[in-house]
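Working notes for the structure below.
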Amino acid sequence: MIIVEKLKTFYFVAKLKSFTKAAEVLALSQPAVSFQIKSLEEEYGTVLFERIGREVSLTEAGEILFQHVEKILNELEAIDLALKRYADPLKGTVRLGASILCSTYLIPPILGKFRSLYPSVSFKIRARYAQEILKLLLEKEVDFGIMGEGSPIDENIFDTSVLFQDELVFVTSSTQPKGRKILGLGEILSEKLIMPESHSALRKFIDRQFQERGLAVEPYIEVGNIEVVKKLVEQGFGSSILSYISVKEEVREGKLKVYRIEDLELKRNVILVKRRGKVISPSSEFFIEFLSKELKERKNEFQITE
């Protein structure tokens, strides 16, 4: 910092063409200003100013140094502003990765409320499958991820925390009412199942629950887009097992019906994932706090109401 202070003193002497005026601006004594300039001249082995009475002007060497010092001080000012902006949680950028499920059905309403309250915060959101989000975290493309459990996560590399529990439900079209709220496993497996693709975290979670009971899900159709799955079910092509949060609007509108599955606890944690040891921005920390609070208030939206 000593050299920076000397360069700053040099800059003001050159700009104001006066040791006295520079001392006033910098709140230094004139001898202190003279000492710093002399120290710089000794360090560079050259004379930086020509002194004629009270007037000072740059030497050729001083002109060269002035051009560089002006750039340096401008850059330092830019760094100062950038770091102050970074430190302000209401003016920074939030970089997050969200699973397809979360980015489609969870993030938009919460993000909309957040943006209305804190419009100066910007967002960079990557909507990906869970395994791809873990890769983005490793590559430092995002600061944290939001996803449902299902894909394996190396605890030596990532830290996780539970945001809420999402209930998975058996979904049929509204024209195929079963007359009961809970259906048996055998009845579920006898249906034509339209399921998310096998590499999705949702599907991995579902398959694991059935496998633990010695059963296997054999889809009639596999689709990579949950919205397409819902449309096919709505049109009567088959049934599905989906996150309740993804179908609650259609249930409310009477387009789909949902059921619990007997002897199967299909409640999945939705988690926040960070690379271990990662220091995230104040804006991201602030958004995570906001998100956690909102999810607690909305927890009844993620499960079937009795």
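The values are calculated or read from the model by the stated rules, or taken from the named source; none is laboratory data. None of these values were measured; they are calculated from a predicted model. Positions of Cβ are generated from backbone atoms using ideal geometry, with glycine treated the same way; all protein chains shown enter the neighbour counts. These accessible areas exclude ligands, DNA and RNA; they are computed on the full protein's heavy atoms, side chains included. Shrake-Rupley method; radii C 1.70, N 1.55, O 1.52, S 1.80 Å.
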Scan of segment 114-163 for residues that are open to solvent by less than 20 Å² (accessible area, probe 1.4 Å) and part of a strand (DSSP E or B), ordered by number: F144, G145, I146, M147, G148, S151, F158
Output for segment 1-37, where each listed residue is under 15 Å from V47 (Cα atoms) and small (G, A, S): A14, S34
Search result, residues across segment 282-306 that are open to solvent by 10 Å² or more (accessible area, probe 1.4 Å), in contact with an Asp or Glu (Cβ under 8 Å, 6 or more places away or on another chain) and among the polar types (S, T, N, Q): Q303
Tabulated pairs, segment 225-236, first acidic (D, E), second outside any helix (DSSP H, G or I), C-beta under 7 angstrom, 6+ apart or interchain: E234/S173; E234/K255; E234/L256
Selection within segment 221-276 - of a type in the set (K, R), touching a helix residue (DSSP H, G or I) at 6+ places or on another chain (Cβ under 6 Å) and within 26 Å of I288 (Cα to Cα): R268, R275
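When the residues of segment 207-229 are narrowed to those that are within 21 Å of L185 (Cα to Cα) and buried (at least 16 other Cβ atoms within 10 Å of the Cβ), which ends up modelled with the highest pLDDT?
V229
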Residue that is least open to solvent (accessible area, probe 1.4 Å) [pool: residues in segment 4-59 that are small (G, A, S) and under 20 Å from L76 (Cβ atoms)]: A22
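Residue by residue, here is whether (1) touching a Pro at 6+ places or on another chain (Cβ under 8 Å); (2) within 17 Å of L65 (Cα to Cα); (3) modelled with pLDDT of 90 or more holds:
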| residue | (1), (2), (3) |
| --- | --- |
| M1 | no, no, no |
| Y11 | no, yes, no |
| T20 | no, no, no |
| A27 | no, no, no |
| A32 | no, no, yes |
| L40 | no, yes, yes |
| V47 | no, yes, yes |
Single residue of R252, R268, R275, R260 found to be surrounded by fewer than 17 Cβ atoms within 10 Å (Cβ to Cβ) and of a type in the set (K, R): R252
Long-range neighbours under 6 Å by Cβ, at least six apart or interchain, first residue of a type outside the set (G, A, S) within segment 84-102, second part of a loop (DSSP other than H, G, I, E, B): R85/K91; Y86/G92; L90/Y118; L90/S120; K91/S120; R95/V142; R95/D143; L96/V142
Candidates R260, R203, filtered to the one that is under 20 Å from P152 (Cβ atoms) and not aromatic (F, W, Y): R203
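For A32, state whether it is in a helix (DSSP H, G or I), in contact with a Phe, Trp or Tyr (Cβ under 6 Å, 6 or more places away or on another chain) and over 30 Å from G150 (Cβ atoms). Full working, then the answer.
Working: in a helix (DSSP H, G or I): yes; in contact with a Phe, Trp or Tyr (Cβ under 6 Å, 6 or more places away or on another chain): no; over 30 Å from G150 (Cβ atoms): yes.
So A32 fails the test.
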Total residues in segment 80-97, condition part of a helix (DSSP H, G or I) and open to solvent by 80 Å² or more (accessible area, probe 1.4 Å): 5
